[in-house]
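Written out below as C-alpha cells is the structure these notes cover.
Nothing in this text is a laboratory measurement; each read-out follows from the coordinates by a stated rule. This is a predicted model, so every value here is computed, not measured. Cβ atoms come from the backbone with ideal geometry, glycine included; neighbour counts cover every protein chain shown.
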Amino acid sequence: METKRHWENVYATKGEKRVSWFQERALTSMEIIGRAAASKDARIIDVGGGASTLVDDLLAARYLDITVLDISAEALRTAKHRLGGKGSRVSWIEADITEVALPGCHFDVWHDRAVFHFLTEAKARRRYVEAVSSSVKPGGHVIIATFGPQGPLQCSGLPIVRYSPQSLHDEFGGRFDLIEHREEAHLTPAGAVQQFIYCYCRKRDDWALERARPA
C-alpha cells in the first residue's frame, strides 16, 4: 500500500512530463517491439506503462491487442485522458506487478521500461520473474530496460538496483535467451543524462516441456 501511495503522489504532484523517465517518443522501445511483434495482432503488455506515450505509438502503428499495467490510477487516468476515444482500444490494469494474476501463456511481447530496477528485494524480483514466465507464451519476447552501471542510485526518492546486461539477464535465468542488449543515454526533463540498458530476450520454446518432465 505504501508503494501505491508513493506513486499516486508522484503523478499527482509532478504530472506526466516532469517525471525523470518521461520521453516524448519511446523510440528504442518501439524499434525493438517492431522486430519482436511481427504481427499487428500480437498481444503486447507494457508493464509500468502508466502515463507513457508508448501506448500512443503502438496504437498509431496499428497494433490491435495492447495492455497497459501500472500501480498508479493517476498515471492510467492521464494516459486515458490523453488518448480520448482511442483509449477504448487498450486494456488497462491497475495493479502491482509483483501481486497481480495475469493470464497464463497469453502475451507475445512483455515490455518494461523503468519498473524492474525499483524491485530492491529479492522476493519481489522472484515474483516479477514468475509473472513473466507464466504469462509470456513460449517463444514470446521480453524487453526490459533499467538503469545501467553508471545510472543513478535513486529515482523519485526511492532506491533502485543498477544492472549490467549480464546481471539483468541473470535475474531471469535459463528460461530466457538473451537476443541483444543496448545502452541508451536518456535526457531527463530536468536536463540530466541517465544511463539505461535494454535487454531483449526470448522465452525458450521448450521451457514448458522442461517443467513438465519428471525429476
Projected onto the charge dipole of the chain (+1 at Lys/Arg Cβ, -1 at Asp/Glu Cβ, origin at the Cα centre), which of Pro159, Gln195, Ile33 gives the Cα projection farthest towards the positive end?
Ile33
For Pro189, what charge total do you get from the other residues with a beta carbon under 11 Å from its beta carbon, if Lys and Arg give +1 and Asp and Glu give -1?
+1
Would you give the gap between the C-alpha center of the stretch 1-68 and the C-alpha center of the stretch 146-212, rounded to a whole Å?
16
With θ set to phi - 60°, apply the Karplus curve 6.51 cos²θ - 1.76 cosθ + 1.60 along the stretch 136-143 and write out the HN-Hα couplings as whole Hz, x wherever there is a Gly or Pro.
8, 5, x, x, x, 10, 10, 10
Per DSSP helix of 4 or more residues, -39500 (n - 2.57); summed, then divided by the residues of the chain. What does that give at 222 nm, rounded to the nearest 500?
-9500 deg cm²/dmol
Residues in the stretch 1-44 near a label at Arg77, defined as backbone nitrogen under 15 Å from the 7 Å Cα→Cβ point?
5-16
Note down the magnitude of the dipole of the stretch 1-136 about its Cα centre, charges +1 on Lys and Arg C-beta and -1 on Asp and Glu C-beta and zero elsewhere, to the nearest 20 debye.
220
Contour excess over end-to-end distance, with Cα ends at Arg5 and Glu99 and 0.36 nm allotted per residue
32.3 nm
Summed side-chain charge close to Arg125 - residues other than Arg125 whose Cβ falls under 15 Å, Lys, Arg +1, Asp, Glu -1
-2
Pair-distance profile P(r), taking every C-alpha pair of the stretch 2-212, with 5 angstrom steps and integer %
1, 7, 16, 21, 22, 18, 10, 4, 1, 0, 0
